[in-house]
1. Just need the Rg to Rh number for segment 296-390, please, alpha carbons only, Kirkwood Rh.
2. Which value, in debye to the nearest 20, gives the size of the charge dipole of segment 341-475 about its Cα centre, when Lys and Arg are +1 and Asp and Glu are -1 at the Cβ?
3. Using DSSP to define loop residues, name the trypsin sites (Lys or Arg not before Pro) in segment 278-322 whose beta-carbon has at most 15 other beta-carbon atoms within 10 Å.
4. Out of all DSSP beta bridges with both ends in the chain, state the antiparallel percent to the nearest 5.
5. Label-point separation (nm) for residue 474 and residue 412, each offset 7 Å from Cα along Cα-to-Cβ?
6. Return the distance in nm (one decimal) between the two label points of a simple spin-label model at residue 481 and residue 189, each offset 7 Å from Cα along Cα→Cβ.
7. Pull up the cross-link candidates among the lysines for residue 19, meaning alpha carbon to alpha carbon under 21 Å and not fewer than 8 places away within one chain.
8. Between segment 85-111 and segment 319-367, what is the C-alpha centre distance in whole Å?
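Laboratory data are not the source of any read-out in this text; all were calculated from the coordinates shown. The shown structure was predicted, so the numbers you read here are calculated from the model rather than taken from an experiment. Glycine gets a Cβ as well: all are built from the backbone with ideal geometry, and neighbour counts include every protein chain shown.
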Amino acid sequence: MPRNPRYDILFQPVQIGPKTAPNRFFQVPHASGMTNAAPRVRAAFRGMKAEGGWGVVCTGACSVHPSSDDSPFPNATLWDDADIKAHALMCDAVHDHGALAGVELWHGGAAAMNRTTRYAPLSPSGVPWMATHVGFMTSARPKVMDAGDIRDLIRWHADAARRAEQAGFDILYVYSGMGYLPYQFLLSDYNRRTDAYGGNVQNRCRLTLELIDAVREATQGRCAVALRVSMQELRARPSDVAESEAHEVMGHLKDAPDLFDVKMDYSAFDCSPSRFSAEGSHEATVAFMKTVTGKPVVGVGRFTSPDTMVSMIKRGVLDLIGGARPSIADPFLPAKINEGREAEIRECIGCNLCISSWHDGVWVRCTQNPTAGEEWRRGWHPEKVAKDAKGSALVIGGGPAGLEAALVLARRGMQVSVAEAGRDFGGRLLWESSLPGLRQWFRVIDYRLGQLQAMANVRLFPESPMTAQDALDFGADHIVVATGADWDRALCGPNEIPEGRVDGPGVYTPTDLERGAMPQGPVIVHDFDNYYMGSALSEMLADRGLPVTHVTTAGTAAAWGFMTNEQPQVHQSFVRRGIVLRTSERVVSFAGGTARLAHMLSGV
Ligand code: SF4
């Protein structure tokens, strides 16, 4: 199908310094868990996005020196010439499809604890960064950089820039954001220096400007230089000469790079789950940038709607549409818009399972795109499936797993029948997506059902409960059972092992609520699953006017939600909704409307 002319603007080339992006689709740097130890995995993962039409494809954070070591979190490196070859594979894969390749040169400063390299973390003034944050927590305190350290830092960036150009990168980032070293110089809370790099805003901008100059000089203007910068904290600070300190800082930086990549400060808000943030949620913080600079600006906002993208450009918010999660969920998002196939976009649901991969220290995985991270190892492609299967398959269960199984089998060439006991397809997501904030999770069903309904080799049977005999009598060559799981009524023992059960009047599992049961009066939500369900139920019950006490065995609500960037906003939501939170406690018994609790550690 031809492209909708409404979207033509998205396919205009954009000049970025000495380079030209072929269109406005820009895969901004994002973590993938793929270090230099997996260069082919990384090349195939990034190259797939270029094949799918992204005009620029970048790495994740790429350390310029061993004094910036993020372990146990994975990061790439450009520490010496031996690192060039690994990156060249990615650049070749990206260039093969006509896209530009970008590298995010990174020094973490006080945010990188150098656990493997054992270098002293560096900082402007010795102030630790997020020292109580899970994963960053440490007893180490950073070194105050002297003039020699600053000269070294600039030289490391220049050396890394030269290597990056040799590898084939077109766009070289200086990273002054998200708490990393150059950004620590920008913020007065972390920069208490009294030399030329501290004090007033002009001095605090000096390091970032010198890094940009060093990177440009190192490649003698052949590569474009981008500045990635966080705005959230700076916007909150007043300025005597501008609307905010962000306006003042950007006024000093406005002519320095060839491109601005603007973002928030904290991962939980920069990469916020859809549960708490809508598409384009950064706009209020970053939109002013285009009023300050004439350089192109890229920013993210979990954009999956081409109309929203067009609006961002026409309203002068952004020049390039940044994508991290949308590019993981659908590497072919630009190609589908270009070919008039918007309805086939596999939209990111904002669940942030991809972020949890980085927190886990492993290659990226995605709820919507199961091929993500498996492009090289298993040769999986998000759009092309080998037609290598014959015969027929019966899939029992029309929830997320059943529909995905049916889709893959049908694409492989089988005759597929899907039997769903209920009236509607969707399984657990039919109800779960009605919980507060989870509406976009239903995209998992929408996408798959839409695809299946259009396939001639697929038959969908709603209201078709099946016994084992029914399934055998159906006569399919293969049977896939995808009937899901149920919630347990187990209590949590002192060693966090399920122990004993709670049952009887007034006790409900999520499944009971899904089937229509609704508690009356005050409610305890006992959560030792620690992902989204417990906190989403507390929110739902509070929204219905019930007094809710959320009891969790962990030290925070939705403790695993740290992995998906949900946890901070769950706590904020609890405060807004008046939900009482009791942490590190377990329910020991419940009878006659009275619950007995015990502390997880003391037992009392
Ligand atoms: Fe989007 Fe979830 Fe996939 Fe991440 S894991 S890209 S948030 S659908």
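1. Rounded to two decimals, Rg over Rh is 1.02.
2. Details: 16 positive and 16 negative charges, 69 e Å.
About 340 debye.
3. 315
4. 20
5. 1.6
6. Result for the modelled spin labels: 5.3 nm.
7. Cα-Cα hits under 21 Å: 49, 254, 290, 295.
8. Result: 18 Å between the Cα centres.
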